[in-house]
Amino acid sequence: MAHQTSIEIGGRQMSFETGKMARQANGAVVLRYGDTVVLSTACMDNKATEKDFLPLTVDYREYTYSAGKIPGGFFKREGRPTEREILVSRLIDRPLRPLFPEGWSTETQIVSMVLSADSENDPDVLGVTAASAALYCSNIPFDKPIAAVRVGLLEGRLVVNPTVAEQKTSLLNIVVAGSEQAIVMVEAGALEVSEETVTDALAFGHEQIKKIIGAIRALHAAVNPKKAAVTPPASDEALAKKIESKYGERLHDALDTAKYEKLESYGRVAAIEKEILAEIPEEDEEKRKLASRAFERLRERLFRDDIIKKRRRPDARAFDQIRQITCEARLLPRVHGSALFTRGETQALATVTLGTKDDMQRLDLLFEQDVFKRFMLHYNFPPFSVGEVKMLRGPGRREVGHGALAERALANLVPPEAEFPYAIRVVSDILESNGSSSMASVCGGCLALMDAGVPIKAPCAGIAMGLVVEGNDYAILTDIAGAEDHYGDMDFKVAGTREGITALQMDIKVFGVSIAMMREALAQARKARFEILDKMQAAMPAVRAEISEYAPHLSILNIPTDKIRDLIGPGGKNIRSITESTGSKIDVSDDGTVHIFAVDGKSAEEALRRVREVTATAEVGKTYLGKVVRIAEFGAFVELFPGTDGLLHISEIAEQRIRSVRDALKEGDQVMVKVLAIEGNKIKLSRKALLREAREKQKPAETAGAGQQASAADAAGK
């Protein structure tokens, strides 16, 4: 039986429907907002697993038929997920995963499909809300519904779910996911927006979320599903107490990263666990599992007790203290820009490559066509960065997500194409990792851009904040390391300049985070960001004045639009000849702007000369050195530029009258001529005018010379 409910959000109707489509899924909801329709399904396996974690898979797909398009490529069908689909899958996964009950280990899958796209309402936030509704209205044990909205800032006014067009002019683009009680996830990009504006946007978005959850609850009440039972993880309190009494002190010492480096600390912890398991027979698998579980819980409790009760971090830093930072630029001699950013045991090697328009990435989007991405940031996380041995494969979802966050932080600071018409690729290779390598990528990427001579708007830095909450007690931590990220209750990444925030990402594992806590965390993050910027600017005070000698040399000129055809030539003959002979790349815009990229200055100058030759236009009153290409009875045709001839009439060849053109000129002669007039496509030239001007200039000199001779004679006579 089908059930429906609806609510108005942002002046548009949002409706939910279940029981009509995908009825064999455990839960399926169709969400419609405007003419954008998303189907989200939730399924669980029919048997439980023995895993100690939640095996949740989330997949989001934007089928091109939803926007009335056919996929490009040979096969004409969708293939592997696009980068956007991966990022939206993560957007759905992150707020939902922490809300499943402890002990739920059955394989669970969420699939969200865009069935209709109206080019106004972005389906990404709808995918989060629809997935939550599908889970809540299913028999899967998910009983904390959430919703997501996008908040924009248009003309100083906060707007819920701005359209795709409005997002392009919004100073803030923030996705907020939350329950009725609290915010659980934030993803944002901004144009140097203040911390106060961000917190206002979070509060505004949360109010809209509460309204949407009310509609989801109404749909749930109509369906009234019976939830599957969840068995809490088994535990052995006696065994846990024994482990704590015997190994608690040693474990606490091993967790002290002020005393031991990360890998040594991890090694000591692993050795203690191995010693505990050695006391239990291998055939007693259940007890060994209980012992491992008790050991992990003890490890978490020791960490949280130190933070909340003893007000001490594992490495003994103050709560607002950043680890030691070192910055170094121009490490690599042949790359266009490079920087090494190290913060504690996290290290990012960032490089910048400048390219031409041909190097821009073509995007295949639902709503737009022929969109090219000019700024790209790619993040790599090799296994050696954490001392592991693994196969080197392509980037996973985590790598794509971290790269997108760092890219979002820097993208709005890159100059527009009209001012700096290069394609820009930043690569961040993580060489060491112990906390927030994505924010290290922001810092390293910024330094590498400055080293490459990219005139960014302002230096940008990023910092990862953490939170530990126990009842009414809490601690906000600056520059969190690995254990603080793993056992803490919040991972809050903030990037920005001295003027404001450019990117923000927050994942929360508890419901006790208030707006007041977020304000405090943002203020503490701002202080840390300024400290990091001080370190960065000490190493790189300003953007380098010139780009690398190994980067493409750029020359820009403007030609008349009617000369574009001449530059390109029949079948691209002319432009191909120039690029092949000079080794350059030439981009021609519809407005007549020509960008010439060359490997060195000499090639650039030659390409520029050739382009000017092909596209030059004659101007009245100007003088040109031309070549006689044809002689007629009435005059000579002189080539001023390739493809541009003018008529030098017989009466304009010499000051005196000549009987025949051939008495003064022959084909192939180089001759200086002046443009007298341009009538349509006809150019009238004169050589006589130049000869007359030259003679008149000589008269004053001759007169002055005669006067000097007379004065000398007078002086001699005296």
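The values are calculated or read from the model by the stated rules, or taken from the named source; none is laboratory data. These numbers were taken from a predicted model, which means no experiment stands behind them. In this analysis, Cβ positions are derived from the backbone assuming ideal geometry, glycine residues included, and neighbour counts consider all displayed protein chains.
Rundown of residues vs (1) in a strand (DSSP E or B); (2) within 16 Å of the chain's Cα centre (by Cα), yes/no style:
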position	(1), (2)
SER385	no, no
PRO395	no, yes
ALA418	no, no
PRO421	no, no
ILE424	yes, yes
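With respect to ASP364, is the statement that it is out of contact with any Lys or Arg (no Cβ under 7 Å at 6 or more places or on another chain), of a type in the set (D, E, K, R) and not assigned by TED's automatic domain parsing to the domain that holds ILE456 true?
Taking the combined requirement at face value, the residue does not satisfy it.
Can you confirm whether the stretch 562-572 contains a residue that is touching a strand residue (DSSP E or B) at 6+ places or on another chain (Cβ under 6 Å) and not β-branched (Val, Ile, Thr)?
no
Take the stretch 662-692 and flag every residue that is among the small types (Gly, Ala, Ser), touching a residue at least 12 places away in the same chain (Cβ under 8 Å) and over 11 Å from VAL638 (Cβ atoms).
Scanning the stretch 662-692 gives GLY668, ALA677, ALA689.
Can you tell me how many residues within the stretch 239-269 are within 24 Å of GLU102 (Cβ to Cβ) and part of a loop (DSSP other than H, G, I, E, B)?
1
Within the stretch 327-363, count every residue that is assigned to a loop (DSSP other than H, G, I, E, B), out of contact with any helix residue (DSSP H, G or I) (no Cβ under 8 Å at 6 or more places or on another chain) and among the charged types (D, E, K, R).
So the answer is 1.
Just name the residue that is surrounded by the fewest Cβ atoms within 10 Å (Cβ to Cβ) out of those in the stretch 116-143 that are within 24 Å of the chain's Cα centre (by Cα) and part of a helix (DSSP H, G or I).
For the stretch 116-143, the residue satisfying everything is ASP124.
Suppose we keep only residues that are assigned by TED's automatic domain parsing to the domain that holds LEU477 and among the acidic types (Asp, Glu) within the stretch 500-546. Which one would you say is surrounded by the fewest Cβ atoms within 10 Å (Cβ to Cβ)?
Once the filter is applied, the top-ranked residue is ASP534.
Could you please tell me which pairs satisfy a Cβ distance under 8 Å, a separation of 6+ or placement on different chains, a first residue in the stretch 370-384 that is within 18 Å of HIS402 (Cα to Cα), and a second residue that is part of a helix (DSSP H, G or I) and among the polar types (S, T, N, Q)?
Final answer for the pair search is LEU377/SER441; TYR379/SER437; TYR379/SER438; TYR379/SER441; PHE381/SER437.
Output the number of the condition that SER385 fails; it satisfies all remaining conditions of (1) at pLDDT 95 or above; (2) among the polar types (S, T, N, Q); (3) in contact with a Ser or Thr (Cβ under 9 Å, 6 or more places away or on another chain).
The one condition SER385 does not meet is (1).
Could you count how many residues in the stretch 27-58 are of a type in the set (S, T, N, Q), in contact (Cβ under 8 Å) with a residue 24 or more places away in the chain and surrounded by fewer than 20 Cβ atoms within 10 Å (Cβ to Cβ)?
Residues flagged as of a type in the set (S, T, N, Q), in contact (Cβ under 8 Å) with a residue 24 or more places away in the chain and surrounded by fewer than 20 Cβ atoms within 10 Å (Cβ to Cβ) within the stretch 27-58 amount to 2.
Of all residues in the stretch 397-416, which are more than 26 Å from LYS262 (Cα to Cα) and over 10 Å from the mean Cα position of the chain (by Cα)?
Within the stretch 397-416, LEU413, VAL414, PRO415, PRO416 qualify.
Being among the hydroxyl-bearing types (Ser, Thr, Tyr) and either at pLDDT 95 or above or within 25 Å of LEU340 (Cβ to Cβ) (or both) is the filter here, so list the residues in the stretch 484-536 that pass it.
Listed by number, the residues that qualify are THR497, THR502.
Could you list, ordered by first residue, the pairs with Cβ atoms under 6 Å in which the first is in the stretch 420-448 and free of Cβ contacts under 8 Å to residues at least 24 places away in the same chain and the second is surrounded by fewer than 24 Cβ atoms within 10 Å (Cβ to Cβ) and aliphatic (A, V, I, L, M), at least 6 apart or interchain?
none
Pull up the stretch 505-522, narrow it to residues that are among the aliphatic types (A, V, I, L, M) and assigned to a loop (DSSP other than H, G, I, E, B), then point me to the one that is farthest from LEU202 (Cα to Cα).
VAL510
Could we say that TYR422 is of a type in the set (Ser, Thr, Tyr) and modelled with pLDDT under 95 here?
yes
For residues that are assigned to a strand (DSSP E or B) and either out of contact with any strand residue (DSSP E or B) (no Cβ under 8 Å at 6 or more places or on another chain) or not hydroxyl-bearing (Ser, Thr, Tyr) (or both), tally how many sit in the stretch 364-383.
Residues in the stretch 364-383 being assigned to a strand (DSSP E or B) and either out of contact with any strand residue (DSSP E or B) (no Cβ under 8 Å at 6 or more places or on another chain) or not hydroxyl-bearing (Ser, Thr, Tyr) (or both): 8 in total.
Residues that are within 22 Å of ALA190 (Cβ to Cβ): which strands (runs of 3 or more DSSP E) entirely in the stretch 426-500 hold 3 or more of them?
461-470, 490-496
Looking at the stretch 592-604 only, could you name the residues that are more than 16 Å from PHE420 (Cα to Cα) and in contact with a strand residue (DSSP E or B) (Cβ under 8 Å, 6 or more places away or on another chain)?
Listed by number, the residues that qualify are GLY592, VAL599, ASP600, GLY601, SER603, ALA604.
Rundown of residues vs (1) in contact with a Leu (Cβ under 6 Å, 6 or more places away or on another chain); (2) modelled with pLDDT of 85 or more; (3) in a loop (DSSP other than H, G, I, E, B); (4) not small (Gly, Ala, Ser), yes/no style:
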{"residue": "LEU648", "(1), (2), (3), (4)": "yes, yes, no, yes"}
{"residue": "GLN656", "(1), (2), (3), (4)": "no, yes, yes, yes"}
{"residue": "GLY668", "(1), (2), (3), (4)": "no, yes, yes, no"}
{"residue": "ILE678", "(1), (2), (3), (4)": "no, yes, no, yes"}
{"residue": "LEU685", "(1), (2), (3), (4)": "yes, yes, no, yes"}
{"residue": "ALA694", "(1), (2), (3), (4)": "no, yes, no, no"}
{"residue": "LYS699", "(1), (2), (3), (4)": "no, no, no, yes"}
{"residue": "THR703", "(1), (2), (3), (4)": "no, no, no, yes"}
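Testing LEU251 on (1) over 30 Å from ASP45 (Cα atoms); (2) of a type outside the set (Val, Ile, Thr); (3) surrounded by fewer than 16 Cβ atoms within 10 Å (Cβ to Cβ), one condition comes back false. Which one is that?
Just one mismatch for LEU251, condition (3).
Have a look at SER584, SER589 and point out the one that is surrounded by fewer than 17 Cβ atoms within 10 Å (Cβ to Cβ) and under 20 Å from ALA423 (Cα atoms).
SER589
I'd like the residue in the stretch 297-326 that is assigned to a helix (DSSP H, G or I) and in contact with an Asp or Glu (Cβ under 6 Å, 6 or more places away or on another chain) and, out of all such residues, is surrounded by the fewest Cβ atoms within 10 Å (Cβ to Cβ).
Checking each candidate, the answer is ILE308.
Within the stretch 218-254, count every residue that is of a type outside the set (S, T, N, Q) and either free of Cβ contacts under 8 Å to residues at least 60 places away in the same chain or in contact with a helix residue (DSSP H, G or I) (Cβ under 8 Å, 6 or more places away or on another chain) (or both).
Total satisfying the criteria: 23.
Just give me the residues in the stretch 413-432 being more than 20 Å from ILE547 (Cα to Cα) and surrounded by fewer than 21 Cβ atoms within 10 Å (Cβ to Cβ), in sequence order.
ASP429, LEU431, GLU432
Within the stretch 402-412, does at least one residue satisfy the condition of being farther than 18 Å from ARG90 by Cβ and not in a helix (DSSP H, G or I)?
yes
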